[in-house]
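See below for the structure under consideration.
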Amino acid sequence: MLAHAETAWSLEQLSLQLRWVHQFQFAGYYAAQQQGYYREAGLEVSFKEGGPRVNPVAEVLAGHSDFGIGLSNLVVEYLKGQPLVMLAPVFQHSPNVLLVQGQDKRLVDLARPDAGKIALLGGNQDVDLKAMFLDEGIALHRLRIVPNENHLQDFLDLRVEALNAYVSNEPYLLNQRHVPYTVLKPQTYGMDFYGDVLFTSQALARSRPEVVEAFRTASMRGWQYALEHEEEIITLIQQQYNSQQKTRDHLRYEAREIERLINPEVIDIGHSNPGRWQHIAKTYARFGIVNFDGPLDNFFYQQKQNVDLSRFYWALGIISAILAIVGSIAWFIHCVNRRLAVALAEKSRSEEHHRVVFQTSPSAGIVWHQGFIVTDWNQQAEAVFGWKREEVLGRPFTDFLLPDTEMQHLVPELAHLVQENTLPHSINQNLTRAGEIITCEWFNAWLPERPGEPRQVISQAINITERLQLEEEIRQLAFFDPLTQLPNRRLLQNRLQHRLTMLQHDSAHSALIFLDLDNFKPLNDTHGHAVGDQLLIEVAQRLRACLRDTDTVARFGGDEFVVLLCGLDTQRTQAHALALHIAQQILHCLAQPYRLQRANGTGIVEHRCSASIGIALFDGSVDAENVLRRADASMYRAKDNGRNCIEIDASLSPEASSATPSPPASITIAVTPEVVTAT
């Protein structure tokens, strides 16, 4: 204990001011703490919750915290003279949005004389939201901007008409409450800024650069781990940081949205583009929010300070350019006509080459511009979709290529992406001229701009309908029983292994039920396999009806079925009772008579078929082989005890806590089915 205290004492004590209260928004920092990345770097880090009345910039500059998390408005604070340093933008796109009461609302609706209040955070924290109004020509003095006091509660109680929010958080809560709302994003108005930017003070960056670098590196490692182990970090948040009492589904929703904002598959976590920061600063300056007429060199963190030779190189470049111009002007005049002729000829050959490639491409090719207007349509597009080139030129492809189900969400989404200068790869359904719906994989790219003409997009599609059908058939054959359509042995083992992995992170129990039909062979021998197959299908249907959505029932082979019960209870005795209750329901349900059609269609076979059931209760301390072996052994004990009964093995691993009262390790329960009169 003394050694531990000495170790903790030797660590550098640091604090991080969060922008909001604890949630998945800060998962990377929790992961860095939990995985020991901070301690490996010699740091002991504490987290300070934020909220509507907390300004991270003020907290850091006042010395109350060493590091903070802000938004792209940090550059505004820097240009206004605040001595801060940007370390890493974790979110490549800002999650900051404005929520408005009702559907299909616009910014101009909030500038009406009778419009309600707009709740924003203090200082410059929501300057990107204010910039949206300025971009639309709406002066801020026309708006009823008030401090964000009670946040979402004010919105739900209709005390404010609009509210600053994170796209990863508040929309989930409003959807759960079925509250109508509109999301207004700065990206829609040309302001695709960074979000959740890690920063510190210039004083700390100058005096302790090694500490700042160590904290930044450990934090980015934490974010990488958090995105790769989402469920583990959600459990950590619920156990240690869940001050908002968020549900697991809420945290999953937040995690998905945040991963989209970080975009780790394309961009390194924490990557910062100086040119993009220049653009952000110019955007704020354009709206009169801040003056910007110089470099941002000191805004970016640099571990090693280098001598600034930019002015020297600038002067040297100008002198070299002047000498080059004077030396080459005569030669340029001499060659310009010849070069122009060569360029025109090359351009003509290039255009013809691309025309041939486009028309003979194995992919269906479409060229279109703003408004989704088709300007070109290749031969493969005619073959795939059925329309001739002359039939579609000048028409919006949304009028004939998209079914109604795709039209509702894809058209506004595609228009938004084009406005953002983003053309993603996508898979969606399309219509053919014959009215058939097919599935296509699309690849999109911008064509070079031509002065005076709208910018065009080339989209190439591959019909993958048959491929998807074949993949689904292969998946069905690999993981499902073709007779009963239940999961097969392989899929059951996968789910059992996954469940065991999950149990290592919580204290719940699960159970495996192994059951064998008692009177199946006589039915097969007497009436044939066709009638026997009918019975197996009926058994599968009855088993599904007895189980919860979280459970899995599989056909293990022949007349053997296995049921995986998940999330029973953290208390062993309660889990034991629930597993036994479900098994009794199954035994009673299967014991009811079956009415089966004879193979030759001459009549009905009425058959009663009981089951022998074995149960193995388990937690995360055992492996899959142990669970299957115990459940199988329990089933055979049930057969030895006269069949039509339940044998339960509730023993756990030797490491199970002796402080928890344990039910008997082996219990036999017989169930006598109701007497049914054949008709």
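Residues in the stretch 6-43 that are surrounded by fewer than 22 Cβ atoms within 10 Å (Cβ to Cβ), in a strand (DSSP E or B) and in contact with a Ser or Thr (Cβ under 9 Å, 6 or more places away or on another chain): GLN13, LEU14, SER15. Say whether the condition of being assigned to a loop (DSSP other than H, G, I, E, B), over 20 Å from the mean Cα position of the chain (by Cα) and charged (D, E, K, R) is met by at least one residue in the stretch 275-295. So far as the stretch 275-295 goes, yes, one or more of its residues are assigned to a loop (DSSP other than H, G, I, E, B), over 20 Å from the mean Cα position of the chain (by Cα) and charged (D, E, K, R). Report the residue count in the stretch 504-515 for those that are surrounded by fewer than 19 Cβ atoms within 10 Å (Cβ to Cβ) and either touching a strand residue (DSSP E or B) at 6+ places or on another chain (Cβ under 9 Å) or among the hydroxyl-bearing types (Ser, Thr, Tyr) (or both). Qualifying residue count for the region: 1. One residue stands out among those in the stretch 118-132 that are part of a loop (DSSP other than H, G, I, E, B) and surrounded by 17 or more Cβ atoms within 10 Å (Cβ to Cβ): the one that is modelled with the lowest pLDDT, which is ASN124. Scoring PHE561 on the criteria (1) assigned to a helix (DSSP H, G or I); (2) closer than 22 Å to ARG595 by Cα leaves a single failure, condition (1). The residues of the stretch 369-383 that are farther than 10 Å from LEU447 by Cβ and at pLDDT below 90, listed by number, are GLN370, GLY371, PHE372.
Here's a check for you: in the stretch 138-159, which residue that is under 28 Å from the mean Cα position of the chain (by Cα) and within 25 Å of ASP196 (Cα to Cα) is modelled with the highest pLDDT? Per the criteria, the residue is PHE155. Among the residues of the stretch 479-510, those that are more than 18 Å from LEU578 (Cβ to Cβ), part of a loop (DSSP other than H, G, I, E, B) and either over 26 Å from the mean Cα position of the chain (by Cα) or without any contact (Cβ under 8 Å) to a residue 40 or more places away in the chain (or both) comprise ASP481, PRO482, LEU483, THR484, GLN485, LEU486, ASN488.
Yes/no per residue for (1) surrounded by 19 or more Cβ atoms within 10 Å (Cβ to Cβ); (2) of a type in the set (D, E, K, R):
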position	(1), (2)
LEU596	yes, no
SER612	yes, no
ALA616	yes, no
ASP619	yes, yes
ASN626	no, no
ARG630	yes, yes
ALA633	no, no
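It is to be established whether one or more residues within the stretch 652-661 are more than 28 Å from GLN534 (Cα to Cα) and at pLDDT 50 or above. Scanning the stretch 652-661, I find at least one residue that is more than 28 Å from GLN534 (Cα to Cα) and at pLDDT 50 or above, so the answer is yes. When the stretch 599-610 is limited to residues that are crowded, with 17+ Cβ neighbours inside 10 Å and touching a strand residue (DSSP E or B) at 6+ places or on another chain (Cβ under 6 Å), the one that is nearest to LEU503 (Cα to Cα) turns out to be CYS609. All of THR432, THR375, THR398 fail the test of being over 28 Å from THR188 (Cα atoms) and among the hydroxyl-bearing types (Ser, Thr, Tyr), apart from THR432.
All conditions but one from (1) modelled with pLDDT under 95; (2) within 22 Å of ARG629 (Cα to Cα) apply to ASP525; the one that does not is (2). For the stretch 44-66, the set of residues classified as assigned to a loop (DSSP other than H, G, I, E, B) and either in contact with a Phe, Trp or Tyr (Cβ under 7 Å, 6 or more places away or on another chain) or not assigned by TED's automatic domain parsing to the domain that holds GLN202 (or both) consists of GLY50, GLY51, listed by residue number. Return the residue satisfying two criteria in turn: it lies in the stretch 392-406 and is outside any loop (DSSP other than H, G, I, E, B) and surrounded by 14 or more Cβ atoms within 10 Å (Cβ to Cβ), and of such residues it is farthest from the chain's Cα centre (by Cα). For the stretch 392-406, the residue satisfying everything is VAL392. Among strands (runs of 3 or more DSSP E) entirely within the stretch 144-225, having at least 3 residues that are in the same structural domain as ILE69 (by TED's automatic domain parsing) singles out 195-201. The residues listed here are ASP481, ASP518, ASP569; of these, the one that is surrounded by fewer than 17 Cβ atoms within 10 Å (Cβ to Cβ) and either in contact with a helix residue (DSSP H, G or I) (Cβ under 9 Å, 6 or more places away or on another chain) or not assigned by TED's automatic domain parsing to the domain that holds HIS229 (or both) is ASP569. Screening GLY288, GLY294 for residues that are surrounded by fewer than 16 Cβ atoms within 10 Å (Cβ to Cβ), without any contact (Cβ under 8 Å) to a residue 60 or more places away in the chain and not acidic (Asp, Glu) leaves exactly one candidate, GLY294. Hey, does the stretch 460-474 have a residue that's small (Gly, Ala, Ser) and surrounded by fewer than 17 Cβ atoms within 10 Å (Cβ to Cβ)? Checked against the condition, which is being small (Gly, Ala, Ser) and surrounded by fewer than 17 Cβ atoms within 10 Å (Cβ to Cβ), the stretch 460-474 yields no hits at all. Please tell me if ILE458 is under 30 Å from GLU232 (Cβ atoms), outside any helix (DSSP H, G or I) and either touching a residue at least 12 places away in the same chain (Cβ under 8 Å) or not hydroxyl-bearing (Ser, Thr, Tyr) (or both). It is false that ILE458 is under 30 Å from GLU232 (Cβ atoms), outside any helix (DSSP H, G or I) and either touching a residue at least 12 places away in the same chain (Cβ under 8 Å) or not hydroxyl-bearing (Ser, Thr, Tyr) (or both).
With respect to being touching a residue at least 40 places away in the same chain (Cβ under 8 Å), buried (at least 16 other Cβ atoms within 10 Å of the Cβ), among the acidic types (Asp, Glu) and in contact with a strand residue (DSSP E or B) (Cβ under 9 Å, 6 or more places away or on another chain), ASP196 fits the description.
Residue selection: TYR172 satisfies the criterion of being over 29 Å from TRP277 (Cα atoms) and surrounded by 15 or more Cβ atoms within 10 Å (Cβ to Cβ). Determine which member of the set ALA554, ALA577 is in contact with a Pro (Cβ under 9 Å, 6 or more places away or on another chain) and either in a strand (DSSP E or B) or basic (Lys, Arg) (or both). The conditions single out ALA554. Is it the case, given these coordinates, that ASP135 is at pLDDT below 90 and within 25 Å of VAL160 (Cβ to Cβ)? Here the answer is yes, as ASP135 does meet what is asked. In the stretch 261-274, the qualifying residues are those that are in a helix (DSSP H, G or I) and modelled with pLDDT of 90 or more, and the one that is farthest from TYR166 (Cα to Cα) is ILE262.
The values are calculated or read from the model by the stated rules, or taken from the named source; none is laboratory data. Every value quoted in this text rests on a predicted model; they were computed, and no experiment measured them. Cβ atoms come from the backbone with ideal geometry, glycine included; neighbour counts cover every protein chain shown.
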